[in-house]
Amino acid sequence: MTESSTLRHNPFAFDAETMRRLGYRVVDRVVERMLHAEDVRPVDPDKGLDDVAPLRRPMPDAPQNPEQVVEQAIDDIFGNTMNLMHPRFYAYMPAPGNLISALADFMASGFNVFAGITPHNHAAFEVERQTVDWLGGRFGWDFPSSGLFVSGGSAANLTALALARHHQLNDDMTGAVVYCSDQTHSSIERSMYVLGFQPDQLRLIKCDADLRLDPEALEQAVRTDLEAGLKPLCVVGNAGTTNTGAVDPLSELADVCERHDLWFHVDAAYGGGAVLTPQTRTLFAGIDRAHTIAVDPHKWLFQPFECAVILGREQSWFTDTFRVLPAYLRDTDVTGEVCNYRDMGAQLTRSFKALKLWLSLQVYGVDTFIAAVEHGLAIARYAEQRAAALPGFEVTTPATLGVLTCRWIGDADARPDDSELNRVNHRLAQALTRTGFTYVTTTDLGSRTVLRFCPIHPAATERDIDETFDRLQKLAVNPAVA
Ligand SMILES: *Cc1c(COP(=O)(O)O)cnc(C)c1O
């Protein structure tokens, strides 16, 4: 140590030995959870606010023992939260995370990088630019891709619509219309609201039998709006819907967009990971024609929250939309190919989210990610076979991009009416989750309530599926549930 650092007093520092011991302890607890996630029962502890009452306390005035506080926090907090890392967590999008990315988040905080500016910070800029470009390349962009890391698919979709509004309309929203399918994620509706559009400026276009946006219905809607003197602005295509994993016919949507000079945004928040594997890449044909693409590496690229990317073909779309230069930021101003990420989105101060994806790709290699995605696809297909063979059940949508939906329908000769079926399926999902063995949710497809399984954890097994469906079948014949 230099003389000055020994003399300097930092009230937040401990002696080196204590600091290391605290860090090692946290690492131990995280590693333990990562290696033994499946030993945690139940999958969802289902703790209410009363169960976590010990966490409610006045803000402490005086210091407390750091080891006790940290240890207690790990027990009280992480022992009582939904275990998204569990291999039998089938709800929403499972989030197994990985060690390297968790360490990257620790490093990003520990070294506290400010990812909003590039001058004095070129290494962080290069990592982010390169990671964005790698992703764009996987979507078929053979030019340097632009874009930036944001908190999630919701922020990515919001950013995309802001670009479309600025570029297509010069921000005059009068009469503008956005088109998407009725399976589109709710973040599009919310983005429209945040950007100041009225609810009637969003057209929900009907889907075909496979829950994919119908391009002819889209073409018709655009023409009708043009004839009415409205301004068709943007089509949002899905590359993996949240409900069923459906991928819209992106090529045909791109045709409609080109014909009418519309912005084409693709929401690949969930499905984006599957673009890596040749097994499913054909589903994405046409995605390379998008203006913007939203991807959530915190969904199917096994990253911890928060990690999403909004990709765009032109960097100027971002900077034209978001750049503002106050005097106090003048000294770090930079434009052109090397620009400031603060000029490309809504955030000035930004954490270094690109690091975790970059570092985990370095350590594991993309082949490991591809194999993990393919494993999830295979487990979902296996689940479909099992569901199809389950007496009294039907597959409602086949395993698509790792998502399967099915429902209980009972005996053909004594089939309850639809509302009764919906009620039973809802109760089945709850009863199955209450077993503690797995965590499953429902969704609605039209008027039908269905069970939704997303078994894409890289350590998920066929046996997990067998044991889950065995329990499901037992519950379904139990009159207290069904
Ligand atoms: C999850 C999801 C979103 C929203 O992403 P967040 O990261 O939760 O903000 C948007 N679109 C689709 C298709 C999604 O599955």
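The values are calculated or read from the model by the stated rules, or taken from the named source; none is laboratory data. All values reported here derive from a predicted model rather than from experimental measurement. Counting neighbours? That spans all protein chains shown, and the Cβs are built from the backbone with ideal geometry, glycine included. SASA here: full protein model, heavy atoms, side chains in, ligands and nucleic acids out. Shrake-Rupley method; radii C 1.70, N 1.55, O 1.52, S 1.80 Å.
Only residues that are assigned to a helix (DSSP H, G or I) and modelled with pLDDT under 95 were counted across region 112-124, and they come to 0. Hey, which of the strands (runs of 3 or more DSSP E) in region 383-482, taking only ones fully inside, have at least 1 residues that are among the β-branched types (Val, Ile, Thr) and without any contact (Cβ under 8 Å) to a residue 24 or more places away in the chain? Correct list: 393-400, 441-445. Can you find, within region 270-300, the residue that is nearest to Ser360 (Cα to Cα) among those that are open to solvent by 10 Å² or more (accessible area, probe 1.4 Å) and within 16 Å of the ligand (Cβ to nearest atom)? Across region 270-300, the extreme among qualifying residues is His298. Do we find that Val27 is β-branched (Val, Ile, Thr) and loosely packed, with under 14 Cβ neighbours inside 10 Å in this structure? Criteria not met by Val27. Restricting attention to region 301-323, the residues being within 16 Å of the ligand (Cβ to nearest atom) and touching a Phe, Trp or Tyr at 6+ places or on another chain (Cβ under 8 Å) number 6. Of Pro45, Pro60, all but one fail to be part of a loop (DSSP other than H, G, I, E, B) and farther than 27 Å from Phe469 by Cβ; the exception is Pro60.
Checked across region 59-82, the condition of being within 16 Å of the ligand (Cβ to nearest atom), aromatic (Phe, Trp, Tyr) and under 25 Å from the mean Cα position of the chain (by Cα) holds for no residue.
Table: residues versus (1) within 24 Å of Tyr270 (Cβ to Cβ); (2) of a type in the set (Ser, Thr, Tyr).
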position	(1), (2)
Tyr24	no, yes
Gln68	no, no
Met85	yes, no
Met93	yes, no
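Selection within region 104-158: residues that are acidic (Asp, Glu) and under 23 Å from Tyr364 (Cβ atoms). The member of this set that is farthest from the ligand (Cβ to nearest atom) is Glu126.
Would you confirm whether any residue within region 2-20 is under 30 Å from His298 (Cα atoms), open to solvent by less than 70 Å² (accessible area, probe 1.4 Å) and either free of Cβ contacts under 8 Å to residues at least 40 places away in the same chain or of a type outside the set (Lys, Arg) (or both)? No, every residue in region 2-20 fails to be under 30 Å from His298 (Cα atoms), open to solvent by less than 70 Å² (accessible area, probe 1.4 Å) and either free of Cβ contacts under 8 Å to residues at least 40 places away in the same chain or of a type outside the set (Lys, Arg) (or both).
Within region 373-394, the set of residues being open to solvent by less than 50 Å² (accessible area, probe 1.4 Å) and among the aliphatic types (A, V, I, L, M) comprises Val373, Leu377, Ala378, Ile379, Ala380, Ala383, Ala387, Leu390.
When Asp413, Asp444, Asp418, Asp470 are checked against the criterion of being open to solvent by 30 Å² or more (accessible area, probe 1.4 Å) and either basic (Lys, Arg) or under 18 Å from Pro42 (Cα atoms) (or both), a single residue qualifies: Asp470.
This table checks each residue for (1) charged (D, E, K, R); (2) out of contact with any Leu (no Cβ under 8 Å at 6 or more places or on another chain); (3) within 30 Å of Pro278 (Cβ to Cβ).
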site: Val366; (1), (2), (3): no, no, yes
site: Glu374; (1), (2), (3): yes, yes, yes
site: Ala387; (1), (2), (3): no, no, yes
site: Val395; (1), (2), (3): no, no, yes
site: Ala412; (1), (2), (3): no, yes, no
site: Tyr439; (1), (2), (3): no, yes, no
site: Pro458; (1), (2), (3): no, yes, yes
site: Arg463; (1), (2), (3): yes, yes, yes
site: Phe469; (1), (2), (3): no, no, yes
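So which of Ser181, Ser186, Ser191 ends up being within 14 Å of the ligand (Cβ to nearest atom), within 22 Å of Gly446 (Cβ to Cβ) and free of Cβ contacts under 8 Å to residues at least 60 places away in the same chain?
Only one candidate passes the filter, namely Ser186.
Is region 98-111 home to any residue that is part of a loop (DSSP other than H, G, I, E, B), under 30 Å from Thr443 (Cβ atoms) and modelled with pLDDT of 95 or more? Checked region 98-111: at least one residue is part of a loop (DSSP other than H, G, I, E, B), under 30 Å from Thr443 (Cβ atoms) and modelled with pLDDT of 95 or more. Only strands (runs of 3 or more DSSP E) whose full extent lies in region 253-370 are considered here, and the ones with at least 3 residues that are over 29 Å from His122 (Cα atoms) and in contact (Cβ under 8 Å) with a residue 60 or more places away in the chain are 263-268. Restricting attention to region 98-147 and to residues that are over 23 Å from the mean Cα position of the chain (by Cα) and polar (S, T, N, Q), the residue that is nearest to Phe12 (Cα to Cα) turns out to be Asn112. Of all residues in region 65-88, those that are farther than 19 Å from Phe302 by Cβ have Cβ atoms under 6 Å from Cβ atoms of residues that are in a loop (DSSP other than H, G, I, E, B) and not hydroxyl-bearing (Ser, Thr, Tyr), 6 or more apart or on another chain, in Asn80/Pro45; Asn80/Lys47. Only a single criterion out of (1) closer than 30 Å to Ala124 by Cα; (2) modelled with pLDDT under 95; (3) open to solvent by less than 50 Å² (accessible area, probe 1.4 Å); (4) of a type outside the set (Ser, Thr, Tyr) is not satisfied by Asp44, namely (1).
Residue-by-condition table, conditions (1) touching an Asp or Glu at 6+ places or on another chain (Cβ under 9 Å); (2) away from the ligand (no atom under 16 Å from the Cβ):
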position	(1), (2)
Leu204	yes, no
Cys207	yes, no
Pro215	yes, yes
Glu219	yes, yes
Thr224	no, yes
Gly229	no, yes
Cys234	no, no
Gly240	yes, no
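With respect to Phe111, determine if the residue is open to solvent by 60 Å² or more (accessible area, probe 1.4 Å), of a type in the set (A, V, I, L, M, F, W, C) and either touching a strand residue (DSSP E or B) at 6+ places or on another chain (Cβ under 6 Å) or closer than 24 Å to Asp343 by Cα (or both). Yes: the conditions hold for Phe111.
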